[in-house]
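Below: one structure, written as structure tokens.
Computed from the coordinates by the stated procedures, all read-outs in this text should not be read as laboratory data. Keep in mind that this is a model prediction, so the values were computed, not measured. Heads up, the Cβs are rebuilt from the backbone with ideal geometry, glycines too, and the neighbour counts pull from every protein chain shown.
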Amino acid sequence: MLGFIAHGSPHDLVFVHGAGGNSLLWRRTLQGLIGEAKAMAVDLPGHPSGEITCKTVEDYSEALHRFIGESGLERPAVCGHSMGGATVLTFALTHPNEVGGLILVSTGAKLGVSPQLLDGLRDQPLRAIENMITPWSFNSIDLGLARESRATLSVSNLPVFLNDYLACQGFDVRADLQRITARTLIVCGDKDRMTPPKWSHYLKANISDSELLFVKDSGHMLPLEKPDALAHAIQSFLKSLA
């Protein structure tokens, strides 16, 4: 079974981190949830260390499916950030009867990746993380937030970054969005440079039972930059599912 961290919640929920991340991304968001159900933040295979066994978003979706089956949760809500959003979108499309609700954070129906970033991850991954991924991910970042951000990244397994961003590059479910039947909450930072707000508007326009929320003065790493606002939005959405 994959590694995870857990907390109380108003409705069973599984959090999925983004490319090159790990479950610590959700630590402060988890702390903002209250309830008798369970929220679990999972470490995808190879994160923060271990063998890289998933090469595509579809692979990660099936790993999530196995985790949910092993966890004993029945029809939990699923929440994903960035590549994690792609993963839970894919899960909702392939296992629609097993999804109790869908939360999409800083993501899109297609995830384009900068060729400059891919080249950097091939040649000097640590420098690409420090000089591209981190500064592109925040509206405003100080030393404390930079340290917290690093703890949420799988820097002990640097090859997983290129693996994940290539998986993102191959992801595109734009033609399938109208098949999403789960109630959906879409959340994005209004200053997101990596998955810009127009991508969230596209999700809202194409998922029938969806609501869209923008968090002011936040970039791509919304769970780190504005965890309280994100937790409040998720808490309210989950209560509406209970």
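Here are a few things to note about the model shown:
- Scanning the stretch 4-39 for residues that are in contact with an Asp or Glu (Cβ under 8 Å, 6 or more places away or on another chain) and either in a strand (DSSP E or B) or surrounded by fewer than 16 Cβ atoms within 10 Å (Cβ to Cβ) (or both) yields F4, G8, A37, K38, A39.
- Enumeration of residues in the stretch 58-93 that are closer than 16 Å to D43 by Cα, among the aliphatic types (A, V, I, L, M) and either out of contact with any strand residue (DSSP E or B) (no Cβ under 9 Å at 6 or more places or on another chain) or assigned to a helix (DSSP H, G or I) (or both): A63, L64, I68, M83, A86, V88
- Residue match in the stretch 94-102 (condition: of a type in the set (S, T, N, Q) and more than 19 Å from V42 (Cβ to Cβ)): yes
- If you check G144, G189, G170 for being crowded, with 22+ Cβ neighbours inside 10 Å and either touching a helix residue (DSSP H, G or I) at 6+ places or on another chain (Cβ under 8 Å) or of a type in the set (G, A, S) (or both), only one passes: G189.
- Checking S236 against (1) over 21 Å from V78 (Cβ atoms); (2) free of Cβ contacts under 8 Å to residues at least 60 places away in the same chain; (3) out of contact with any Lys or Arg (no Cβ under 8 Å at 6 or more places or on another chain); (4) surrounded by fewer than 18 Cβ atoms within 10 Å (Cβ to Cβ), the condition it does not meet: (1)
- Any hit, the stretch 36-44, residues being under 19 Å from A229 (Cα atoms) and among the basic types (K, R): no
- Here the condition is being over 24 Å from C188 (Cα atoms) and crowded, with 18+ Cβ neighbours inside 10 Å; of P125, P76, it holds for P125 alone.
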